[in-house]
Amino acid sequence: MSQQRWSEVDSYIEQQLVGEDAVLAAAREASENAGLPAIALTPAHGKLLHLLARIQGARSILEVGTLGGYSTIWLARALPDDGRLVTLELNPHYAEVAAANAELAGLAGLIKIEVGPALESLRALIVADAGPFDMVFIDADKSSTPEYFELALELTRPGSVIVADNVVRDGALADPATRDPGSQGMRRFHELLATDARVSATTVQTVGAKGYDGFTLALVR
Ligand code: DHB
Ligand code: MG
């Protein structure tokens, strides 16, 4: 099977089931026009996150890695009117683009963007007792995923759901000799999950317009 076929099927799924609307399409386009890397979720994965948040009945969501706010909009749309979403972004330019996209989506009132290193923002949220969050989505620099997970866990409650993106990385997840720092991070992340009695987790491999990758889903016990 080829990348072309995976992309064709993603387009089919998008047309049949997802129907990315004008607001989401504009957010993706604004991000790309502003020079942000074209690594936002596919529409199908955006909708998966949205559905997970709804299944969870999430009223509060924490996101690590905002980029241009594409996933942020999918997630915030799952919240009730009095819900809240806190999203952490290192790059001030990305955060500006995301803030404009959230505004255009009519969701700025639900979304708080914290600019700075996510490890510092997470520690500040813990100190401020800003949790618990019903759902956490980790999609930032891959090598730090284990540290983001450990801190995010302190901002959850039993029953919270944690999702992490890009954990399979073309299969490097299963290669003990991988030299890619991101893949090493995802292996450390899995070692943590395997030994941490506070969570029950699985990882699902995916193919699609963004190639071969996967995500981890963890339930806080
Ligand atoms: C990259 C980051 C992502 O979050 C993603 O979904 C795909 C690629 C990257 O940094 O290359
Ligand atoms: Mg990602």
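No value in this document is a laboratory result; all are computed from the given coordinates. Keep in mind that this is a model prediction, so the values were computed, not measured. Because the Cβ atoms are built from the backbone with ideal geometry, glycine has one as well, and the counts that use them run over all protein chains shown.
Charges were assigned to the Cβ only: +1 to each Lys and Arg, -1 to each Asp and Glu. The resulting dipole of the chain about its Cα centre is roughly 500 debye. Beta-bridge orientation, the chain: approximately 45 percent antiparallel, per DSSP, counting only bridges with both partners inside. Sorted into 10 angstrom bins from 0, the C-alpha pair distances of the chain split as 8, 34, 40, 17, 1 percent.
Given R0 = 25 Å, the distance between the Cβ atoms of ALA26 and LEU217 translates into a calculated FRET efficiency of 0.30. Between the residues LEU219, ASN166, TYR12, the greatest Cα displacement towards the positive end of the dipole of the chain, with unit charges on the Cβ of Lys, Arg, Asp and Glu, is found for LEU219.
Pairs of Cα atoms nearer than 8 Å and 6+ residues apart set the relative contact order; for the stretch 3-220 it is 19 percent.
With Cα atoms defining each centre, the stretch 1-41 and the stretch 167-190 are spaced 25 Å apart in the structure.
Using the Cβ-Cβ distance between ILE126 and ASP180 with R0 set to 25 Å, the FRET efficiency works out to roughly 0.25. Per-residue ellipticity at 222 nm computed for the chain from its helices equals -12500 deg cm²/dmol, with DSSP H segments shorter than 4 residues left out and the rest contributing -39,500 (n - 2.57).
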